[in-house]
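See structure below.
The values are calculated or read from the model by the stated rules, or taken from the named source; none is laboratory data. The structure displayed is predicted, hence computed values, not measured ones. Note: ideal-geometry Cβ built from the backbone for every residue, glycine included; neighbour counts use all protein chains shown. Heavy atoms of the whole protein, side chains included, go into the accessibility calculation; ligands, DNA and RNA do not. Shrake-Rupley method; radii C 1.70, N 1.55, O 1.52, S 1.80 Å.
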Number of protein chains: 2
Amino acid sequence: MYRRIMWKFFAATTFAAVLSISLIVSLQADEGMWLFNRPPNALLKSRYGFEATHDWLDHVQQSSIRFNNGGSGEFVSADGLVMTNHHVGTDCMQKLSSSGHDYLTTGFMAKTREVEPRCVDLELNVLMQIEDVTDRVNAAVNLQMDTAAAEKARRAIINTIEKESLDKTGLRSDVVALYNGGEYDLYRYKKYTDVRLVFAPEKDIAFLGGDPDNFEYPRYDLDICFFRVYEKNQPARIQHYLKWSPQGAEDGELILVSGHPGRTERLDTVRHLGSLRDQIYPYILNLLRRREILLRTYSERSSENARRAHEDLFSIENSRKAILGMLAGLQDPLIMSKKAGDEQTLRAAVMKDPKLEPAYGGAWEQVASSIRTSEEIYRDYSLLEGAQAFDSNLFEHARTLVRLADETAKPNAERLREYSEAALESLKLELFSTAPIYDDLETAKLADSLSLLAESLGADNELVRNVLAGSSPRKRAADLVEGCTLKDVETRKQLAQAGRKGIDASKDPIIQLAKVIDPEARRLRKIRDEQVREVQRQAYAKIAKARFAVFGTGLYPDATFTLRLAFGVVNGYQEGTEQLPWTTTLGGAYKHSEDHQNQPPFALPKSWFEHRNDINPNTPLNFVNTADIIGGNSGSPVINKNAELVGIIFDGNLESLVLDYIYTEDQARAIAVHSSGILEALRKIYQANALVNELMPGAVAGK
Amino acid sequence: MYRRIMWKFFAATTFAAVLSISLIVSLQADEGMWLFNRPPNALLKSRYGFEATHDWLDHVQQSSIRFNNGGSGEFVSADGLVMTNHHVGTDCMQKLSSSGHDYLTTGFMAKTREVEPRCVDLELNVLMQIEDVTDRVNAAVNLQMDTAAAEKARRAIINTIEKESLDKTGLRSDVVALYNGGEYDLYRYKKYTDVRLVFAPEKDIAFLGGDPDNFEYPRYDLDICFFRVYEKNQPARIQHYLKWSPQGAEDGELILVSGHPGRTERLDTVRHLGSLRDQIYPYILNLLRRREILLRTYSERSSENARRAHEDLFSIENSRKAILGMLAGLQDPLIMSKKAGDEQTLRAAVMKDPKLEPAYGGAWEQVASSIRTSEEIYRDYSLLEGAQAFDSNLFEHARTLVRLADETAKPNAERLREYSEAALESLKLELFSTAPIYDDLETAKLADSLSLLAESLGADNELVRNVLAGSSPRKRAADLVEGCTLKDVETRKQLAQAGRKGIDASKDPIIQLAKVIDPEARRLRKIRDEQVREVQRQAYAKIAKARFAVFGTGLYPDATFTLRLAFGVVNGYQEGTEQLPWTTTLGGAYKHSEDHQNQPPFALPKSWFEHRNDINPNTPLNFVNTADIIGGNSGSPVINKNAELVGIIFDGNLESLVLDYIYTEDQARAIAVHSSGILEALRKIYQANALVNELMPGAVAGK
């Protein structure tokens, strides 16, 4: 499944997240995650004879949605109807479900708008404006400063710009570093936080084939769900939404994809990629496997346990399979030697140019030095600042409360980014979420992660002893969860209100634990921010400029979880001796399930068996195309030249996982659900007439 | 499940396997894994008024069986009938099964003796004689030698003694270091290699509750199966076998357990235990989780995949849960401070004694120094000599063939232990096994472990590059397995026959890989043998002697996978606020399954539902007792004073996992299948009349 591949995990544990310009000497055919304010017009014109007008772009941009929990989506009606992937909506459905009432297993269809249930902490963003603030940022930071001062100055100006914009426009305002700081743009979003569930199929068909089929093709998943955004308790009136194409994508057709790729690292130096390959990914994979086993064993104990852990476990399996694929690519000598060759070409060009050499020649060693620091602190950073040693929702809340008190006491310019004035509203949406917290699951996760801390630093380490306070990890976790008061949202609100005094006075054991950790966690973060990220930002900006100088401009920046336009053709591919078709069908889903004796995770839901004779088995279900996408693009609309919705991205194949650091289109494919298959299922299997009529006014009556 | 907790894994990856005398200042009530030639007569007499006569001991000893693949068992008829745990027999059943024919899922009952299928590589041992060879070993090794010379001399004399004994008696002959080299005994075994499957229930009832219930209680497992040993193609005539008790164990009764505990580490110094806690166990757990995920994802793809990987996956899950429990114990400050206190008492006594101090005072630092070396080489040793980087049956065979050629060219005294003359027959049983090898499973395992090698040493490491030969791990693994000829047993036999010339000429890619690795693997083994194991052997022998001097003799040695006698009482226990009963019942198994909606791993097999009304639901199924057991004891007979079989050990509870390094009986319990429950199931559910009549002549007719 293609979403932002567990973005939080990455954000917390890999701080290699440099935002960087693409290392592309010559673009491959359908390569590129293009900016909406710098679209690939010439390319589209020359290659496909297609002209994306200003209006076309504006319409598509404002029809596209960012799911702030890590995916993409699109408006599909004037009444605020939103489509995304089921696996993007899972987070909301998990939080709305309870023991007797499991939206994921049974699916859901709201009989009327009045009974659409509201998600507890979901925020959707629609990009409205982009403003270039590069000069203002650059004026505040000069490279004579040491990296600590530079990092501080950069943070201050960005916090300030965002706050000013928020005050002025009321829109969510994010400064985005593009081309790794070669350019800074201010993105303004319309924000929706009243988001309600409209329709979801059963997870058994949304994710037919489960982990074995994930990132593979041929595929048979109805990976969709529908939400509706509300304003003032009424369905929002939407000007820009995508019209539904009942025929959907066709073989060989040009398609475009408008979504939010999370991160790519195509500019990373070879030394940097080597660190991902030999250090970071192996470390993350060990953590993921550990969590996966923990949650699998927890889930096996009862069906209620399985329900409670479902979304966590799915996320982890998904990340594990994605990162395994990325690691396999880095371990392929062919790919690494291609990267090394490209780097060598650029460095040689810089070295022999008397102007470029003094300005940019040292950048690669700068990156290498930041990587050495990163490798030194990586494990401890991940444990403490990344909170991998305190895997618990309660700890997350406690940490936020402790820091909220500390940070909001400072002037806005000096705050950690996530506590800046402009960020506070979104932060509080999560902090005050009514999502359920389960004591037994919290205890199991916390016990295991406290044990991880002891294993990593040694049980005799002073910090470990302070954290465990004389208990074993299991007993300590049980005591912490039992004594914690933060499950209650009102308590969290009161503590947030009470500021530092409230935190100082709190007897809550997990608040106290967060305080014990904080000095060391902040120390590690400071090292990372100043000696790793700031150094990389400066060094990669030099490399980007060298690249512009040597190969010319007109390139797209690495992905930054902001809106991008990709394009490609609908196209099957060769795997070994097998030619894989451009599409699969509804009928194929039944066969695929039967080929596995209808056993989980290949068991179709009951509704599909009941209506087997009602559907046209030849209707396309999933299809593949060559668009350049990555995690975060999940739920992105696939549209034709007329901006009609012909499908929705939900995955990439295994061969596409290397797109993180290199584009290839021999076998790499984006996988989408076909618009005609969605329609057929909604009509024939789910009898979702109101929904179908909303997607295509008059459709059901007109049949 | 209690077997030798994946002994091969341990043997390969932890070389902390010191054989050592128990650190027991004062014995707890039912503590002890006693030698048959030094039984706890006084204890049994004073505490339970029971006298174990020479004849009683002799009878029990010769009724007891060692399963060489890692468990225990017992003779239960004069016609060579053997009972053990289902999970000990799984290895044989897995190797006998094929795609259309899965003994594990369907269970098995031989209609007549003629159709009992023969296990492909199972060896059973029955202990016949014990001879003290301490003086002879000590005469060959003197402590003025450096550790390299001492290790060599020790190995030479042991290889020689074993060979002489084998030639003289024809019995399998193993020199065993007891009390960590305080004593060397020669154990002579009668060996059975024609072992045939007689009866096994379905794995769903043998392992009801699966991983969630493993190492837990209350429990409902019919974890038994029956084999028959043959000599000259006829059922072996057995003089000593255990009579079946139809009533079985009773609450509060004294019981005795005669089996083969694999390893304990109760004498380990605190520094040594700290290394297990902070280094070794975390490392092993990461490896186990990695394998578990690999095999789980492989298994989920199809039911045939699941069948192929079943035994591997079960072993790994079992080890993971066991080691997690052991680690949790070591992370409990109460347990570690108890160990530290005991060590402090002994060291203080040594230090203040002018005779003991110079002789033994330095031993603890000697251990510490060996641990430092061990920690330095541990990872690489495990990868290369432990072959964790080449997880494949084909590689195992290739390594054996390469070393067989090298080692058999040397005089017996100089060979690696496993290639000594006395060991060759058992080694060849495995090397020439007809157990199936599956290309796809081999490839998946090898690819993942080659990736592990690259992750661990770095993909740019020279050895890694030599191993991968310019390919990615996945491609290299596929090529290696595809090109390998060793799946064919005849090819292996020819290569073994051809000696070094054959190996040198072989074009087999996995033979060539084994040759590439061997110099570095042997270098690491030499360091371990000389600087870790030999040093520990000498140091722990000193600590043992110090212990004798301070606390007196009359103690039992740490476990060595040799025959031991344990004892205890049948007894429930308190867990939290709950009093757990001494026994569970057949009826309870149905309820337990229903409590989990009869879903796997809690689904009873069809046979149990069909005969639900035929059985007496109050018949005991499992029961707990206080006997001192550990992995390897699986399948051990539980007997009463009259040496009648009242049950069979199959597990310990979670609280018992700390028995590895400290005995406790507050909550630690051995778990056994009750002899009356076995009988009831055989009669009523399986109608195994011939088997029942063999266990209790006349039983079925007499009913």
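When restricted to residues that are aliphatic (A, V, I, L, M), crowded, with 19+ Cβ neighbours inside 10 Å and part of a strand (DSSP E or B), region A:553-590 contains 4.
For region A:247-284, name all the residues that are basic (K, R) and within 14 Å of chain B (Cβ to nearest Cβ). Within region A:247-284, A:R271, A:R277 meet the criteria. Considering only residues of region B:456-474 that are in a helix (DSSP H, G or I) and more than 9 Å from chain A (Cβ to nearest Cβ), which is surrounded by the fewest Cβ atoms within 10 Å (Cβ to Cβ)? Once the filter is applied, the top-ranked residue is B:E462. Here A:P218 meets the list (1) surrounded by 23 or more Cβ atoms within 10 Å (Cβ to Cβ); (2) modelled with pLDDT of 95 or more almost entirely, failing just condition (1). When region A:92-116 is examined, which residues are found to be within 14 Å of A:A435 (Cβ to Cβ) and either surrounded by fewer than 16 Cβ atoms within 10 Å (Cβ to Cβ) or touching a Gly at 6+ places or on another chain (Cβ under 8 Å) (or both)? Within region A:92-116, just A:S98 meets the criteria.
Yes or no, residue by residue, for (1) aromatic (F, W, Y); (2) in contact with a Leu (Cβ under 7 Å, 6 or more places away or on another chain); (3) open to solvent by 40 Å² or more (accessible area, probe 1.4 Å); (4) closer than 20 Å to B:R415 by Cα:
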{"position": "B:T134", "(1), (2), (3), (4)": "no, no, no, no"}
{"position": "B:N138", "(1), (2), (3), (4)": "no, no, yes, yes"}
{"position": "B:D146", "(1), (2), (3), (4)": "no, no, yes, yes"}
{"position": "B:N159", "(1), (2), (3), (4)": "no, no, no, yes"}
{"position": "B:E164", "(1), (2), (3), (4)": "no, no, yes, yes"}
{"position": "B:S173", "(1), (2), (3), (4)": "no, yes, no, yes"}
{"position": "B:A177", "(1), (2), (3), (4)": "no, yes, no, yes"}
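The number of residues in region B:648-658 being modelled with pLDDT under 95 and either over 15 Å from the mean Cα position of the chain (by Cα) or charged (D, E, K, R) (or both) comes to 5.
Among the residues of region A:599-615, is any charged (D, E, K, R), touching a Phe, Trp or Tyr at 6+ places or on another chain (Cβ under 7 Å) and either assigned to a strand (DSSP E or B) or crowded, with 24+ Cβ neighbours inside 10 Å (or both)? Within region A:599-615, none of the residues are charged (D, E, K, R), touching a Phe, Trp or Tyr at 6+ places or on another chain (Cβ under 7 Å) and either assigned to a strand (DSSP E or B) or crowded, with 24+ Cβ neighbours inside 10 Å (or both). Among the residues of region B:243-264, write down those that are in a loop (DSSP other than H, G, I, E, B) and buried (at least 24 other Cβ atoms within 10 Å of the Cβ). Hits for region B:243-264 are B:G248, B:A249, B:H260, B:P261, B:G262, B:T264.
A residue that is modelled with pLDDT under 95 and open to solvent by 20 Å² or more (accessible area, probe 1.4 Å) occurs somewhere in region B:69-91. Of the strands (runs of 3 or more DSSP E) lying entirely inside region A:177-242, those carrying at least 2 residues that are within 22 Å of the chain's Cα centre (by Cα) and under 18 Å from A:E694 (Cβ atoms) are A:195-200, A:225-231. Of all the listed residues (B:L691, B:L679), the sole one being in a helix (DSSP H, G or I), open to solvent by 10 Å² or more (accessible area, probe 1.4 Å), under 19 Å from B:A200 (Cα atoms) and in the same structural domain as B:L242 (by TED's automatic domain parsing) is B:L691.
Each row is one residue, and each column tells you yes or no for (1) touching a strand residue (DSSP E or B) at 6+ places or on another chain (Cβ under 7 Å); (2) open to solvent by less than 30 Å² (accessible area, probe 1.4 Å); (3) within 12 Å of chain B (Cβ to nearest Cβ); (4) of a type in the set (V, I, T).
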site	(1), (2), (3), (4)
A:D312	no, no, no, no
A:K321	no, yes, yes, no
A:L330	no, yes, yes, no
A:M336	no, yes, yes, no
A:K339	no, yes, no, no
A:Q344	no, no, no, no
A:A348	no, no, no, no
A:P354	no, no, no, no
A:P358	no, no, no, no
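Answer yes or no as to whether A:K355 is over 27 Å from A:I503 (Cα atoms), basic (K, R) and assigned by TED's automatic domain parsing to the domain that holds A:A340. So A:K355 fits the description; yes.
Let's see how each residue does on (1) at pLDDT 95 or above; (2) over 22 Å from A:R669 (Cα atoms); (3) not basic (K, R):
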site: A:G552; (1), (2), (3): no, yes, yes
site: A:L565; (1), (2), (3): yes, no, yes
site: A:S607; (1), (2), (3): yes, yes, yes
site: A:P617; (1), (2), (3): yes, yes, yes
site: A:G631; (1), (2), (3): no, no, yes
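Within region A:383-399, the set of residues being in a helix (DSSP H, G or I) and either surrounded by 22 or more Cβ atoms within 10 Å (Cβ to Cβ) or touching a residue at least 40 places away in the same chain (Cβ under 8 Å) (or both) comprises A:L383, A:L384, A:Q388, A:A389, A:F390, A:N393, A:L394, A:F395, A:H397, A:A398, A:R399.
Just one of (1) among the polar types (S, T, N, Q); (2) assigned to a helix (DSSP H, G or I); (3) free of Cβ contacts under 8 Å to residues at least 12 places away in the same chain fails for B:N142. It is (2). Within region B:187-214, residues that are more than 14 Å from every other protein chain (Cβ to nearest Cβ) sit with their Cβ atoms under 8 Å from residues that are modelled with pLDDT under 95 and surrounded by fewer than 21 Cβ atoms within 10 Å (Cβ to Cβ), at 6+ positions apart or across chains, in these pairs: B:D204/B:P600. Check whether at least one residue in region A:483-492 is within 14 Å of chain B (Cβ to nearest Cβ), out of contact with any strand residue (DSSP E or B) (no Cβ under 9 Å at 6 or more places or on another chain) and in a helix (DSSP H, G or I), and report yes or no. No. When restricted to residues that are more than 8 Å from chain B (Cβ to nearest Cβ) and open to solvent by 10 Å² or more (accessible area, probe 1.4 Å), region A:289-310 contains 10.
Against the conditions (1) under 21 Å from A:H272 (Cα atoms); (2) more than 28 Å from the chain's Cα centre (by Cα); (3) charged (D, E, K, R); (4) modelled with pLDDT of 95 or more, A:K355 satisfies every one except (1).
Among the residues of region A:633-649, is any open to solvent by 10 Å² or more (accessible area, probe 1.4 Å), assigned to a helix (DSSP H, G or I), in contact (Cβ under 8 Å) with a residue 40 or more places away in the chain and closer than 19 Å to A:N571 by Cα? Checking region A:633-649: not a single residue is open to solvent by 10 Å² or more (accessible area, probe 1.4 Å), assigned to a helix (DSSP H, G or I), in contact (Cβ under 8 Å) with a residue 40 or more places away in the chain and closer than 19 Å to A:N571 by Cα.
Results for (1) in contact with a Ser or Thr (Cβ under 7 Å, 6 or more places away or on another chain); (2) acidic (D, E); (3) loosely packed, with under 15 Cβ neighbours inside 10 Å, shown as yes or no for each residue.
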residue: B:D448; (1), (2), (3): no, yes, no
residue: B:S451; (1), (2), (3): no, no, no
residue: B:L480; (1), (2), (3): no, no, no
residue: B:L486; (1), (2), (3): no, no, no
residue: B:K493; (1), (2), (3): no, no, yes
residue: B:Q497; (1), (2), (3): no, no, yes
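Looking at region A:371-378, is at least one residue without any contact (Cβ under 8 Å) to a residue 24 or more places away in the chain, within 30 Å of B:D332 (Cβ to Cβ) and either in a helix (DSSP H, G or I) or touching a helix residue (DSSP H, G or I) at 6+ places or on another chain (Cβ under 8 Å) (or both)? No. Between B:L446, B:L429, B:L457, B:L486, the distinction of being touching a His at 6+ places or on another chain (Cβ under 9 Å) and not small (G, A, S) belongs to B:L486 only. How about region B:160-176: which of its residues are of a type outside the set (A, V, I, L, M, F, W, C) and within 23 Å of the chain's Cα centre (by Cα)? If the condition is that a residue be of a type outside the set (A, V, I, L, M, F, W, C) and within 23 Å of the chain's Cα centre (by Cα), then B:E162, B:R172, B:S173, B:D174 are the ones that fit.
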